[in-house]
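Let me begin by presenting the structure, written as structure tokens, before commenting on it.
The values are calculated or read from the model by the stated rules, or taken from the named source; none is laboratory data. All values derive from a computational prediction rather than experimental measurement. Please note: Cβ atoms are built from the backbone with ideal geometry, for glycine as well, and neighbour counts cover all protein chains shown. All accessible areas refer to the heavy atoms of the entire protein, side chains included, with ligands and DNA or RNA removed. Shrake-Rupley method; radii C 1.70, N 1.55, O 1.52, S 1.80 Å.
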Amino acid sequence: GAVVSQHPSRVICKSGTSVKIECRSLDFQATTMFWYRQFPKQSLMLMATSNEGSKATYEQGVEKDKFLINHASLTLSTLTVTSAHPEDSSFYICSAKQGGGEQFFGPGTRLTVL
Amino acid sequence: AQSVTQLGSHVSVSEGALVLLRCNYSSSVPPYLFWYVQYPNQGLQLLLKYTTGATLVKGINGFEAEFKKSETSFHLTKPSAHMSDAAEYFCAVTREYGNKLVFGAGTILRVKS
């Protein structure tokens, strides 16, 4: 199957700082990328959907000014958590797909905000 | 709106025993159904999927699932559990293949030796 990578795999930051997480499709062009958040012992919740070259579509309840998503190329999407707070600590997982194909998931990024 | 219910947040089986993880869904349109496995601190790996056609779907690692429209179910089974099957399993549904996935709450499978 197709490979999706995320960087970093884990990050610890101080409250109030911003953190950028990268999601890359390594062997295919991802026309659409999805960002999910998974709190401890909970399921994945979709945060936003991004199509290359256009603005992301956020799910209800997700602050677009806090979670900035950029999908500038067909192989890269970034999620920036701005002014992070401890309640933003979570496991962030991206997925990517090409056209109408299935989603391929990245390995996730563990964010801890102190 | 679509939703997924996974009965049992934790399931424990003995090594070699049958694995049965339950998933029921609700969807106003014919669904596409998925099972994913997640190992600690890792992303999701697709086990199997139902799109159209045969209702019994075989996946990786000896898992299979049967789509039963009348019961709105898509239960995951494996005849004989292996220690390496210990992980968390998520059932997911979408009404448009490749688009937004709605996940169940997950079931943690424990395999006892």
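Rounded, prolate or oblate: which fits the range B:39-109, taking a ≥ b ≥ c as square roots of the Cα gyration tensor eigenvalues, rounded meaning a/c under 1.5, else prolate when a/b beats b/c? Don't skip to the answer; put the middle values down first.
Values: a/c = 1.87, a/b = 1.26, b/c = 1.49.
Oblate, because a/c is 1.5 or more while a/b does not exceed b/c.
Ignoring ligands, DNA and RNA, what percent of the 1.4 Å accessible area of chain A is carbon and sulfur? Numbers along the way, then the final one.
Numbers: 2860 of 5490 Å².
Carbon and sulfur: 52 percent of the exposed surface of chain A.
By how many nm would the segment from A:Q42 to A:K14 grow when fully extended, if each residue of separation counts as 0.36 nm and the alpha-carbon distance is taken off?
Values: separation 28, 0.36 × 28 = 10.08 nm, distance 2.41 nm.
Taking A:Q42 through A:K14 to full extension adds about 7.7 nm, to one decimal.
May I have the count of lysine pairs in chain A with C-alpha atoms under 20 Å apart, counting pairs 8 or more residues apart or located on different chains? All intermediate terms of the calculation are to be shown ahead of the outcome.
Values: A:K14/A:K66; A:K20/A:K55; A:K20/A:K64; A:K20/A:K66; A:K55/A:K64; A:K55/A:K66; A:K55/A:K97.
Counting lysine pairs in chain A gives 7.
Going by Cβ distance under 4.7 Å, what cysteines of chain A have no possible disulfide partner?
A:C13
For the interface of chains A and B, what total accessible area is buried with a 1.4 Å probe, rounded to the nearest 100 Å²?
1500
Count the net charge of all other residues whose Cβ sits under 11 Å from the Cβ of A:Q103, scoring Lys and Arg as +1 and Asp and Glu as -1. List each step's numbers first, then the result.
Numbers: positive: A:K97, B:K49, B:K100; negative: A:E102.
Around A:Q103, the surrounding residues sum to +2.
Ordering A:S77, A:S5 by how much accessible area each has at a 1.4 Å probe, largest first, what is the list? It would help to have the intermediate numbers written out before the result.
Details: A:S77 0, A:S5 35 Å².
In descending accessible area the options line up as A:S5, A:S77.
So, in chain B, how many Lys pairs have Cα atoms under 20 Å apart, if the pair is 8 or more places apart or on different chains?
Close lysine pairs under the 20 Å cut-off: 10.
Comparing the chain by itself with all protein chains present, which residues of the range B:91-113 are at least 40 Å² less accessible (probe 1.4 Å)?
B:Y97, B:G98, B:K100, B:L101, B:F103
Just the number please: accessible area per residue for chain B, 1.4 Å probe, all protein chains included, in Å².
48
How far is it, in nm, from the label point at B:S3 to the one at B:E15 when both lie 7 Å from their Cα along the line to the Cβ?
Computed distance between label sites B:S3 and B:E15 equals 4.0 nm.
Report B:E71's accessible area, 1.4 Å probe, all protein chains in place, as a number in Å² to the nearest 10.
So the heavy atoms of B:E71 present about 100 Å² to solvent.
Less than 13 Å Cβ to Cβ from A:S89, Lys/Arg counted +1 and Asp/Glu -1: what total charge do the surrounding residues give? Please list the in-between numbers first.
On the way: positive: A:R10, A:K14, A:R37, A:R110; negative: A:E87, A:D88.
Charge balance near A:S89 sits at +2.
How high is the FRET efficiency between A:Q29 and B:K58 when r is their beta carbon distance and R₀ equals 35 Å, given to the nearest 0.05? It would help to have the intermediate numbers written out before the result.
Numbers: r = 30 Å, r/R0 = 0.84.
Result of the calculation: an efficiency of 0.75.
If each of B:K112 and B:K68 carries a label point 7 Å out from its Cα toward its Cβ, how far apart are those two points in nm?
So the two model labels end up 2.6 nm from each other.
For chain B, what does the relative contact order come out to in percent, with C-alpha contacts under 8 Å and a separation of six or more? Walk me through the intermediate numbers first.
Working: 288 pairs, mean separation 42.7, N = 113.
The normalised contact order for chain B reaches 38 percent.
Looking only at other chains, what is the average number of their beta-carbon atoms within 10 angstrom of each beta-carbon in A:57-63? Mind dumping the intermediate values first?
Details: counts 1, 0, 1, 0, 0, 0, 0.
Per residue, the number of nearby Cβ atoms from other chains is 0 on average.
Apply the Kirkwood formula to the range A:15-114: the hydrodynamic radius equals the inverse of the mean of 1/r over all pairs of different alpha-carbon atoms; give it in Å with one decimal. Show your work: numbers first, answer last.
Values: mean 1/r = 0.0739 Å⁻¹.
Evaluated over the range A:15-114, this radius sits at 13.5 Å.
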